[in-house]
1. Here are some conditions: (1) more than 27 Å from residue 277 (Cβ to Cβ); (2) surrounded by fewer than 20 Cβ atoms within 10 Å (Cβ to Cβ). Residue 111 meets all but one. Which one does it not meet?
2. Tell me which residues, restricted to the range 190-201, are surrounded by 15 or more Cβ atoms within 10 Å (Cβ to Cβ) and not basic (Lys, Arg).
3. Would you confirm, using the coordinates I've provided, whether residue 138 is within 30 Å of residue 252 (Cβ to Cβ) and within 15 Å of the ligand (Cβ to nearest atom)?
4. Please specify each residue of the range 152-180 satisfying the condition of being touching a residue at least 60 places away in the same chain (Cβ under 8 Å) and assigned to a strand (DSSP E or B).
Amino acid sequence: MSTRAVTKAVIPAAGLGTRFLPATKSQPKEMLPIVDKPAIQYVIEEAVRAGLTDILVVTGRGKRAIEDHFDRNFELEYYLEQQAKHDLLKEVQGTSEMADIHYIRQRDPLGLGHAVSVAREHVGDEPFAVLLGDDIMVDESQLLRSMIDVHARYGRSALALKRVPSDEISSYGCVEPEPVHDGLVQVRSIVEKPAVADAPSDLAVIGRYVFTPEIFEALDRIEPGAHGELQLTDAIALLLETQTVYGCVFETGRYDIGQKVDFLRANIELALDREDLGGDVAEILRRIEPNGVTDRIKSAQTGVLSQLMSTSRFARLVEQEAIDGDKAYRSEEHTSELQSPDHLVCRLLLEKK
Ligand code: UTP
């Protein structure tokens, strides 16, 4: 039984980020800012706070910005020093000193299982944590600490689990759990992206894992699975044949910033929590309360309508409508024409004028 302390973290960040295009066409999604800090910095800070001192980031093509972010930037440091911007200088230097950060390339994004397997040599024969680079946890590292504690106690792997609405389960790995005690389950089986009807529970595997090194042998044996990718879930299923795997159930603090809506939620909620920004952001939200939202929708429509106006066909229609006004178009025979989408758009535009 492996009882070595967990000191290493592997952060897969080599995915293509297709759910966040076009923003991710030439920049890593892991570098998208949540308020004013790249997502991956939250992830590394979480690992460091949980006591992990050796960080391996799995990168790929187009991910250089990640390495640059955690490197020194002498020019910027010199400038900030000259300008006596000491707080910013400390912040900038802090990102390059926060941990021992290593990088390895996953040559092709063949799936999360493959991304973890390229860490094998760096990790060696030790337990290690995996933190997905596009999942951020705002919980003072409580979840990760509890998973490391489970490993220390049982010498076995632990997965982070969250209950999700049943119609969302097919986006995740899903486990069949057996309760151990409050917040801890033993994983009986695991399946990647099950159909709603086949899901063994509503417990989804979320981007935090603590693995025994035997996961690498399981990773060697997997074949392409869901979406044609080498799935980490399939390796966990193989690991279950020889070792117990635990699950730590948590409820709050997670944002999947690879999803646009969750990315926006993270920005709003974390900005609200900030002393320097919270008041202003709350004021913006207050202004778009129900009535304000209606105003927004109207002004968004005006934007769309103005664009339409710039096309000559619509400009002509609007002009005609303005000239003829009620007299020509109120007659019976024009009623259906007046209901046509083009004419409704014209009417809306005229109302806006
Ligand atoms: P995702 O499936 O969320 O990332 O993988 P993706 O493939 O970039 O996303 P979409 O679906 O195209 O938008 C979770 C994490 O695993 C990494 C990703 O960078 C992300 O942090 N990953 C995924 C890899 O490192 N390599 C892979 O081959 C796939």
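1. It is condition (2) that residue 111 fails.
2. If we filter the range 190-201 for residues that are surrounded by 15 or more Cβ atoms within 10 Å (Cβ to Cβ), which is where we start, we get 190-194, 199-201.
Once the filter is applied, which keeps residues that are surrounded by 15 or more Cβ atoms within 10 Å (Cβ to Cβ) and not basic (Lys, Arg), the range 190-201 yields 190, 191, 192, 194, 199, 200, 201.
3. no
4. Looking only at the range 152-180, we keep the residues that are touching a residue at least 60 places away in the same chain (Cβ under 8 Å), and these are 152, 154-163, 173, 175, 177, 180.
Answer for the range 152-180, where residues must be touching a residue at least 60 places away in the same chain (Cβ under 8 Å) and assigned to a strand (DSSP E or B): 157, 158, 159, 160, 161, 162, 163, 173, 175, 177, 180.
A quick yes/no check of all residues on (1) among the polar types (S, T, N, Q); (2) over 23 Å from residue 253 (Cα atoms); (3) touching a strand residue (DSSP E or B) at 6+ places or on another chain (Cβ under 7 Å):
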| residue | (1), (2), (3) |
| --- | --- |
| 152 | no, yes, no |
| 156 | no, yes, yes |
| 164 | no, no, yes |
| 170 | yes, no, no |
| 174 | no, no, yes |
| 182 | no, no, no |
| 196 | no, yes, no |
| 199 | no, yes, yes |
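FYI, it's all coordinate maths here, none of it is from the lab. Everything numeric here is computed off the predicted structure, so don't read it as measured data. As a convention, Cβ positions derive from the backbone with ideal geometry for all residues, glycine included, and neighbour counts pool all protein chains shown.
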